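For reference, the structure discussed in these notes is given below.
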Amino acid sequence: MSFDISPLLDQWDYQPGQLVVRKFVGRDGVEKIQLRVDLGLLQMNAQGRPDGKHPHGRESLLEYYQTQMEKFQEERRGDEKSFRLTPEDCGRLQQEALQFHHRYICLFQLEEFDAVLRDTERNLKVFDFVQEHAGTEEMAWALQQFRPQLLMMRIRARGAIALKANRYTHVVKLVENGVEELRQFYREHDRMDLMEQSGEIQSLEIWLQEIQAKRPLTPRERLESALNEAVKNEDYEKAAQVRDALRHLKSEPG
């Protein structure tokens, strides 16, 4: 067996500043995803835990710790709030979440947006679990500080799905609500300094501008634009016709 992956890398160039991703079926019959990085590549399973492992016989560490909490709750007769994660527990959950982070970034590049939602929703459960059961606020923040990036990717995936269906108005509302959700996160953690510098908020606001620029005009907007143009050109006959059309549009049911 040769451990040298140089032939693979020679056939697949690294492109600085770009995500270069591919998907294939491995010799074990399992779908894999590869991400080209400067010194090699990252490979992960497309389903389940990205590294294919089953810690403590569970699908993931999240499921394992959830089971531990349930056992604790049974022993303490429903005292769920007293269950605490150690710093080591939080560190392991964070490392596992990083695996899913790498995968949903790749999945987004592959435009598999439903799978992006699957993995981002899964990681949000980890964030919530650690937030509730971490021993200290510092332990919780070590993971929570990455929530804005996670929320942004979930918003981008939802928006991409809606854009494929040409639901521009829905996407605009989705992104606007997403920006407010991010701002609220920083307010709740009293990190206004981070909110002003948030790359996630800036990215979503730029995307929102792009969406609004590409959004097709509604029938009402087209008529209003035509009316403004007619008035500007002093074409009052056409302006009167457009006003009639606008009144007719307003009188239609719905």
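The values are calculated or read from the model by the stated rules, or taken from the named source; none is laboratory data. These figures come from a predicted structure and were not determined experimentally. Note that we place each Cβ from the backbone using ideal geometry, even for glycine, and neighbour counts take in every protein chain shown.
State the number of residues belonging to region 163-198 that are under 29 Å from Leu217 (Cα atoms), of a type in the set (S, T, N, Q) and not in a helix (DSSP H, G or I).
Count: 1.
Go over the candidates Gly57, Gly159 one by one and state the one that is at pLDDT 95 or above, surrounded by fewer than 16 Cβ atoms within 10 Å (Cβ to Cβ) and more than 23 Å from His189 (Cβ to Cβ). It would help to see each step written out before you state the result.
Numbers: Gly159 fails: surrounded by fewer than 16 Cβ atoms within 10 Å (Cβ to Cβ).
Criteria check complete, one pass: Gly57.
Could you say whether any residue in region 206-226 is within 17 Å of Gln149 (Cβ to Cβ) and part of a helix (DSSP H, G or I)?
yes
If only one of Val20, Val25 is within 22 Å of Val116 (Cβ to Cβ) and surrounded by fewer than 12 Cβ atoms within 10 Å (Cβ to Cβ), which one is it?
Val25
Identify the single condition in (1) in a helix (DSSP H, G or I); (2) modelled with pLDDT of 95 or more; (3) over 16 Å from Leu150 (Cβ atoms); (4) not small (Gly, Ala, Ser) that Glu132 does not satisfy, given that it satisfies every other one.
With (1) in a helix (DSSP H, G or I); (2) modelled with pLDDT of 95 or more; (3) over 16 Å from Leu150 (Cβ atoms); (4) not small (Gly, Ala, Ser) applied to Glu132, the lone miss is (2).
Quick one: what pairs do we get from region 211-234, first residue over 25 Å from Val171 (Cβ atoms) and free of Cβ contacts under 8 Å to residues at least 40 places away in the same chain, second charged (D, E, K, R) and outside any loop (DSSP other than H, G, I, E, B), C-beta under 9 Å, 6+ apart or different chains?
Final answer for the pair search is Ala226/Lys238; Leu227/Lys238; Leu227/Arg243; Glu229/Lys238; Ala230/Glu237; Ala230/Lys238.
Test of understanding: among Leu217, Leu223, Leu150, which residue is surrounded by 14 or more Cβ atoms within 10 Å (Cβ to Cβ) and either on the phi > 0 side of the Ramachandran plot or modelled with pLDDT under 90 (or both)?
Leu223
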